[in-house]
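Peer 1: Right, I'll just put the structure down here and ask away after.
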């Protein structure tokens, strides 16, 4: 119910005007925007949920994800990067796209092509039949999922929420907006069970008995950029 309400809110906001503004309330030809946002993912994990419930007696909760972003804008083109910072499901993507609206328009809306990776980490789950990696004694075992990801991202800045603030003598513009994206993880994603051998290298074996999430991902989110 909460996810449905958030989706309705996102699409209602889309009916309003969007803009991306500088401290002088202009839509610039060149700009760098750092952003922080909250993202909600809609992923079909019914098979995985049935597996966890039948074998472990619970279903993993899907939480709102936070993310950090960076946009580099030149003319009518945008290059950007978003990285999720919340577990269990994360997406790290780079994207490149074109502005759909004119410079004089009250709308600043971008359509981007994305490429990246979907990951998930679970320390409370283990495959039922697996070959353990070598020397696992005393290590914290984890179940990892990873897959490539391609998608379309609509990134929009909300004009009516734009404001400026001052830090010392510096005037900083704040731009609020929303993301709407749909993506696809091509076949080839895999689960791996193992541990970190030296803090950075994951030592594990692939497992094939854990159901994978759906290949289709839909995300909606809000962000604050400056």
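Peer 1: May I ask you to derive the FRET efficiency for residue 121 and residue 54 from their Cβ-Cβ distance with R0 = 22 Å, giving the value to the nearest 0.05?
Peer 2: Working: r = 22 Å, r/R0 = 0.98.
Computed FRET efficiency for residue 121 and residue 54: 0.55.
Peer 1: So what is the relative contact order of region 135-178, in percent, for Cα pairs below 8 Å that sit 6 or more residues apart?
Peer 2: Result for region 135-178 is 32 percent.
Peer 1: If we sort 74-83, 49-58, 211-220 on the protection proxy, mean other Cβ atoms within 10 Å, highest first, what's the order? Please list the in-between numbers first.
Peer 2: Values: 74-83: 16.1, 49-58: 12.7, 211-220: 17.7.
Descending packing order for the listed peptides: 211-220, 74-83, 49-58.
Peer 1: Which of 154, 108 comes first, and how do the rest follow, when ranked by fewest Cβ neighbours within 10 Å?
Peer 2: Arranged by neighbour count, lowest to highest, 154, 108 become 154, 108.
Peer 1: Another one. For residue 203 and residue 64 in the same chain, what is the full-extension length gain: residue separation times 0.36 nm, less their Cα-Cα distance, in nm?
Peer 2: Full extension from residue 203 to residue 64 adds 47.1 nm.
Peer 1: For the modelled label position 7 Å from the Cα of residue 83 along Cα-to-Cβ, which residues of region 160-202 have backbone nitrogen atoms closer than 17 Å?
Peer 2: Residues passing the 17 Å test: 200-201.
Peer 1: Quick one: which of 175-185, 32-42, 200-210 comes out on top by average Cβ neighbours within 10 Å, and what's the full order, highest first?
Peer 2: On the way: 175-185: 20.5, 32-42: 17.1, 200-210: 13.8.
Final packing ranking: 175-185, 32-42, 200-210.
Peer 1: Let me ask you something else. Obtain the nm distance between the two label points defined at residue 182 and residue 72 by a simple spin-label model: each point lies 7 Å from its Cα along the Cα-to-C-beta direction.
Peer 2: 3.0
FYI, it's all coordinate maths here, none of it is from the lab. Note that this is a predicted model, so its numbers are computed, not measured. Backbone-built Cβ (ideal geometry, glycine too); neighbour counts: all protein chains shown.
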